[in-house]
Each structure stands twice: as structure tokens, then as C-alpha cells.
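Scroll down for the structure; my scribbles are underneath it.
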Amino acid sequence: MYAVLFLPWGILLWIWSRWTQERAVLTDPWLPQKDALKEWMACVRQIRNANSKEQIVRPLVLWQQMVFKVLGIKTSTPRAKEILKGKSEILSQENIQTIYKCYRTVEDALYGIETGVRIGDWCDETTKIAGEVKFPPRNWKNVFAVKNVRPWIGLWFFCLGPSLHSEGASS
């Protein structure tokens, strides 16, 4: 008997919980870097599957941009030396050095300097580094942060508003 009474509240609580978790993903402060990491890997796949030098240039430039986004470096002129200046929360200093070398290789290749690096080895190295990126785990407090709960509370008042108003009017 009581289960039937609490079932709608349980369903409502479950829906609210799922909704706030989805909002937490959308409002994740690391979301731009996570998206950039996915683009990074897509660029590496394009480079690996390229059949000519012309097919490699655009993905290499995009890869450079994604490296800066993943590392959270904001600069108007992305250069390899900028990578060494920043402090990263998501990569070790050793991995930063490796990314610097990979980035430097791309700079040299794009500006016509012979690097002697094989594309397959470069792709393997950048893929390995991408796998080393560790974002901080999502904090459970972020799920229930005001920015994630506020829309639900607004919807709740929007739905209850007319019934609360009608109860006040009938008294």
C-alpha cells in the first residue's frame, strides 16, 4: 500500500537525479579540454590515414590548436615554447616535455625544416600522450551545484505555481 504512495516520489527523485547528473556533465569545467582531446585523437587518425603530404597539413595545424586547448594555454601566437611555460594539472612534466618535442617537430615540418621523424612514430607518441591525460574526477558536489539544480527548481515552481496560486485564492 505505502509503496504505491511513494512510487511517484521515487520516480520523480530518480528523474531528478539523472537530470542533475546530465547537467553536471554539460557544466563540467573541463568539458572544453575533454572535447579538444577527442579532436586531438581525430587529427592523429587523419594524419595516420593520410596518403599525401597535402592531406597531413590541415590535421597537423588542427592538432596544434587542440594541444593548446587541452593544456588550457591561451595565446594569440601558439608556439612550442609556450607549452613549457605553462603548468599543467592534467599531464606530468615528463609528458609536457614529450608534447613539446612533438609540437616542435610539427612546427619544423610545417615550416619546411626536415625533421627525420617518421609519421607513424609521431602518431604513436602523440596517441600515447593523449592516453596519459588525466582529468580530475567529477566531484559529487558539482552534481548538486546551484547551476545544475536551479533549472529543476525553476521548473518545479513553474509547475506548482498555478496550484499554489489557486489554493491561496480559494482561502
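Quick check: the distance between the Cα centres of the range 1-29 and the range 87-135, to the nearest angstrom?
Comparing the Cα centres of the range 1-29 and the range 87-135, I get a distance of 43 Å.
Glu132 versus Arg45, label points 7 Å from Cα toward the beta carbon: distance in nm?
Modelled inter-label distance: 2.3 nm.
Using the Cβ atoms and a cut-off under 9 Å, what net charge is assigned to the surroundings of Asp28, where Lys and Arg are +1 and Asp and Glu are -1?
Numbers: positive: Lys34, Arg138; negative: none.
Neighbour charge sum, excluding Asp28 itself: +2.
Quick check of the Kirkwood formula: for the range 10-92, what is the inverse mean of 1/r over all pairs of different Cα atoms, in Å?
15.2 Å
Taking 25 Å as R0, compute the FRET efficiency from the Cβ-Cβ separation of Ser92 and Thr27 and round it to 0.05.
0.35
Could you work out the local net charge near Asp121, counting Lys and Arg as +1, Asp and Glu as -1, over the other residues with Cβ closer than 14 Å to its Cβ?
The answer is +2.
How about the range 108-141: which trypsin sites (Lys or Arg not before Pro) there lie in a loop by DSSP and see at most 16 other Cβ atoms within 10 Å?
Those satisfying the criteria are Arg118, Lys134, Arg138.
For Lys81, list the aspartates and glutamates whose Cα falls under 14 Å from its own Cα; do not include residues on the same chain fewer than 8 positions away.
By straight Cα distance, Lys81 reaches Glu107, Asp108.
Any read-out appearing in this document is the output of simple, stated calculations on the displayed coordinates, not a laboratory observation. Just so it is clear, the model here is predicted, and its values are computed rather than measured. Cβ coordinates were reconstructed from backbone atoms using ideal geometry, including for glycine residues, and neighbour counts include every protein chain displayed.
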